1. Looking for something of a type outside the set (Phe, Trp, Tyr), in a loop (DSSP other than H, G, I, E, B) and more than 23 Å from PRO65 (Cα to Cα) - is there at least one such residue anywhere in region 137-154?
2. Hey, can you tell me all the residues within region 18-41 that are surrounded by fewer than 19 Cβ atoms within 10 Å (Cβ to Cβ) and touching a residue at least 12 places away in the same chain (Cβ under 8 Å)?
3. Filter region 217-247 down to residues that are β-branched (Val, Ile, Thr) and assigned to a loop (DSSP other than H, G, I, E, B) and give me whichever is surrounded by the fewest Cβ atoms within 10 Å (Cβ to Cβ).
4. Which one of these does THR80 not meet: (1) out of contact with any helix residue (DSSP H, G or I) (no Cβ under 6 Å at 6 or more places or on another chain); (2) in a loop (DSSP other than H, G, I, E, B)?
5. Say we look at region 50-81 and pick out the residues that are under 21 Å from LEU192 (Cβ atoms) and charged (D, E, K, R); which of these is surrounded by the fewest Cβ atoms within 10 Å (Cβ to Cβ)?
6. Pull up region 161-186, narrow it to residues that are aliphatic (A, V, I, L, M), touching a helix residue (DSSP H, G or I) at 6+ places or on another chain (Cβ under 9 Å) and not in a strand (DSSP E or B), then point me to the one that is surrounded by the most Cβ atoms within 10 Å (Cβ to Cβ).
7. From the list VAL57, VAL68, which one is under 21 Å from PHE253 (Cα atoms) and in contact with a helix residue (DSSP H, G or I) (Cβ under 6 Å, 6 or more places away or on another chain)?
8. Collect the residues in region 33-43 that are of a type in the set (Asp, Glu) and under 20 Å from ASP251 (Cα atoms), keeping them in residue-number order.
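The values are calculated or read from the model by the stated rules, or taken from the named source; none is laboratory data. The shown structure was predicted, so the numbers you read here are calculated from the model rather than taken from an experiment. A quick note on method: Cβ atoms are made from the backbone with ideal geometry, for glycine too, and the neighbour counts reach across all protein chains shown.
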Amino acid sequence: MHDDPLAIFLARSAFREAGAVITDLDGTALDEWEGRIRVHPEVEFGLKRLAELGRPVAINTLRFPLNVVRTFGRAWSSITDEPLPFVSLNGAQTGLLLPGPGDTVVFDELDAVPVTPAEVAEVLEGVEGLVAGGVEELLVFFYGRDWQLGERIWAPGEAGAEAARDRYRSASEVFHGPVEALRRRLAAEEVLMIFLLVSIPEDKRMAYQHARPSSFVTHRGVDKLDGARRLADRLGFSLPDSVGCGDTPMDAFLAGCGLAVQVGPQALEHKGVHATLRVPDPAGLGALLRRLSAEGGAS
């Protein structure tokens with residue numbers, strides 16, 4: 001079929017010999033079932049089948065490693081006996097999910113790109129301005145290179161910290177205090193990503209229109225595409241001969257893949273090198289992966 005994106009991709013690429021399948025998690029490979037977030041069974045089956053055919057399978061997610069290890073580690077490790085390649089924190093850290101002691105899963109870093117002191121200073125300058133202006137509904141999330149430390153959250157006041165503890169149960173630590181306390185913490189380690197969550201009252205929005213309500217800060221030039229390229233170079237697969245699956249504008253790695261699979265209703269600007277297609281939901285992605293495993297196996 002000359003107008004079939006999957007057929008076009010398989011005809012034009014070296015997927016069977018050199019490609020991988022790289023997928024985002026939330027909104028792409030995951031769904032909710034009986035109140036629980038899970039890897040969609042169809043997606044899990046398709047990825048497992050592709051791994052059995054010798055095609056590398058990788059995760060590319062905004063989530064931090066400790067969260068993935070605790071929440072989905074065993075499900076993902078069941079896909080393949082091989083180490084599972086993993087791009088996390090919007091491309092700032094790459095690594096492998098590996099079996100650990102007993103029934104556990106651990107993360108083994110391949111590489112990381114920390115935020116520079118100048119970039120941290122720029123973030124803190126904005127935070128200081130917001131605090132000085134009386135913006136109290138402000139949280140700063142930060143993620144260090146030591147994956148076992150997980151997610152830490154700072155709030156300017158005790159009330160904000162208490163609310164964050166209730167809402168963000170995955171956080172390893174929530175603390176509050178002056179901006180200087182946050183500055184000391186950020187200077188004490190290699191930080192890979194900072195996330196600002198700001199709720200600006202309506203009557204103050206004009207004064208802070210330069211401040212984005214939410215923003216993810218990584219080292220300049222680092223995003224999911226950069227992380228995917230570094231992972232491909234490290235592990236020896238070809239990104240332009242690979243399949244990328246994602247659902248939001250942050251899934252920039254789709255533009256580096258031979259086939260970009262857009263999951264869900266949002267039309268994304270990221271197009272595949274050879275072809276682009278859209279599926280409605282994780283179940284649709286699972287069906288596509290089944291077909292890919294049938295038609296894209298080793299020749």
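1. yes
2. ALA18, ASP26, GLY27, ILE37, ARG38, PRO41 - these are the residues of region 18-41 that are surrounded by fewer than 19 Cβ atoms within 10 Å (Cβ to Cβ) and touching a residue at least 12 places away in the same chain (Cβ under 8 Å).
3. Step one: of region 217-247, the residues β-branched (Val, Ile, Thr) are 217-218, 222, 243.
Narrowing the set further to residues that are assigned to a loop (DSSP other than H, G, I, E, B) leaves 218, 222.
Details: THR218: 25, VAL222: 22.
So the residue we want is VAL222.
4. Of everything listed in (1) out of contact with any helix residue (DSSP H, G or I) (no Cβ under 6 Å at 6 or more places or on another chain); (2) in a loop (DSSP other than H, G, I, E, B), THR80 misses just condition (1).
5. Applying the filter and picking the extreme gives ARG70.
6. The first filter runs over region 161-186 and keeps only residues aliphatic (A, V, I, L, M), leaving 161, 163-164, 171, 174, 179, 181-182, 186.
In the following step, the residues that additionally are touching a helix residue (DSSP H, G or I) at 6+ places or on another chain (Cβ under 9 Å) were identified as 171, 174, 179, 182, 186.
With the extra rule that they be not in a strand (DSSP E or B), the set shrinks to 171, 179, 182, 186.
On the way: ALA171: 16, VAL179: 18, LEU182: 25, LEU186: 21.
Within region 161-186, the match that is surrounded by the most Cβ atoms within 10 Å (Cβ to Cβ) is LEU182.
7. Details: VAL68 fails: in contact with a helix residue (DSSP H, G or I) (Cβ under 6 Å, 6 or more places away or on another chain).
Criteria check complete, one pass: VAL57.
8. Here is the first cut: in region 33-43, the ones of a type in the set (Asp, Glu) are 34, 42.
Correct list: empty.
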